[in-house]
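Enquirer: Mind having a look at this structure? Questions to follow.
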Amino acid sequence: MTEASERYLADQVAVVTGASSGLGQACAVALARRGASVAVNYHHDADGAAQTVRRCEEAGARAFAFQADVSDEDGVKALFAETVDTYATVDILVANAGLQKDARFTDLTLKDWNTVIGVNLTGAFLCMQEAVRQFRRQGMRHSRALGKIIAMSSVHDVIPWAGHVNYAASKGGLSLLVKSAAQELAEEKIRVNAIAPGAIATAINKSVWSDPAQMEALKKLMPYGRIGQPEDIGEAAAWMASDMADYMVGHTMVVDGGMELYPEFRDNG
């Protein structure tokens, strides 16, 4: 591929939430490498967001960081307003922001339940709503989609996860949020899809993948034999945001090394 053909998102603008580290950072950088200008949203980690901005700029793209809590409607509106003030448009949303607050079922507090649902599910809803409003305001800018939305789900939108019921419930809800929004918005040429990562080597699970014994146990859950890297997800997001995925609507792309294949039931005889 030539450099020009690789920059297939040139003249497009992306909002990436939770982009100060991990999957969000990887998505922001992958979009930037394809030519998109990026609004790098973060909640707490200003230094991480600044690093993401630098990496986007090193990839030859424009980027800026903006602090906002995606579970707060006013914060989401401010994020999109700043993006439009800076770049005049929004073409792509990667609703990635998410967190875990884990506990056994009867130990899980209402506060931690509400926090996880608020960020992972309500936050995605609020960002998707504001993106659609902006898509409609600006009209069709490209030959195919009015706008592209990618939500970050998880293999735990279908795989139960004991000890993490708030997280699993948020991702299960996100799955039908994506499908229902896609069904409603497709006639406007707004594409809504999701990515469901499996086990990815990010800071949130470093205690597992940095320990050889735990890592070996984890790899048994993945037929492909390796843990995922953030770039695996970033590359998927960049492709899904492109015209190459124009006929993909209401789909959750599973990127998990086979984790959803339930390898513990494989017959090795």
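The values are calculated or read from the model by the stated rules, or taken from the named source; none is laboratory data. As the structure is a prediction and not an experimental result, all values here were calculated from the model. Positions of Cβ are backbone-derived with ideal geometry, glycine not excepted, and every protein chain shown enters the neighbour counts.
Enquirer: Do we have any residue at all in the stretch 128-139 that's in contact with a helix residue (DSSP H, G or I) (Cβ under 9 Å, 6 or more places away or on another chain), β-branched (V, I, T), closer than 26 Å to Q12 by Cα and outside any helix (DSSP H, G or I)?
Expert: No, there is no match, as no residue in the stretch 128-139 is in contact with a helix residue (DSSP H, G or I) (Cβ under 9 Å, 6 or more places away or on another chain), β-branched (V, I, T), closer than 26 Å to Q12 by Cα and outside any helix (DSSP H, G or I).
Enquirer: Quick one: is G35 touching a Leu at 6+ places or on another chain (Cβ under 7 Å), assigned to a loop (DSSP other than H, G, I, E, B) and on the phi > 0 side of the Ramachandran plot?
Expert: yes
Enquirer: Hey, another quick one. Within the stretch 1-28, work out how many residues are modelled with pLDDT of 95 or more, in a helix (DSSP H, G or I) and either of a type in the set (S, T, N, Q) or buried (at least 24 other Cβ atoms within 10 Å of the Cβ) (or both).
Expert: Here the count works out to 6.
Enquirer: If I ask for residues that are touching a residue at least 60 places away in the same chain (Cβ under 8 Å), in contact with a strand residue (DSSP E or B) (Cβ under 7 Å, 6 or more places away or on another chain) and more than 25 Å from F265 (Cα to Cα), which ones from the stretch 183-224 would you list?
Expert: Across the stretch 183-224, the qualifying residues are V192, N193.
Enquirer: Here's another thing I want to ask about it. Go through M244, M248, M240 for me and flag whichever is hydrophobic (A, V, I, L, M, F, W, C), loosely packed, with under 15 Cβ neighbours inside 10 Å and touching a residue at least 40 places away in the same chain (Cβ under 8 Å).
Expert: Testing whether each residue is hydrophobic (A, V, I, L, M, F, W, C), loosely packed, with under 15 Cβ neighbours inside 10 Å and touching a residue at least 40 places away in the same chain (Cβ under 8 Å) leaves just M244.
Enquirer: Please count how many residues of the stretch 152-172 are over 13 Å from A95 (Cβ atoms) and assigned to a helix (DSSP H, G or I).
Expert: Total satisfying the criteria: 9.
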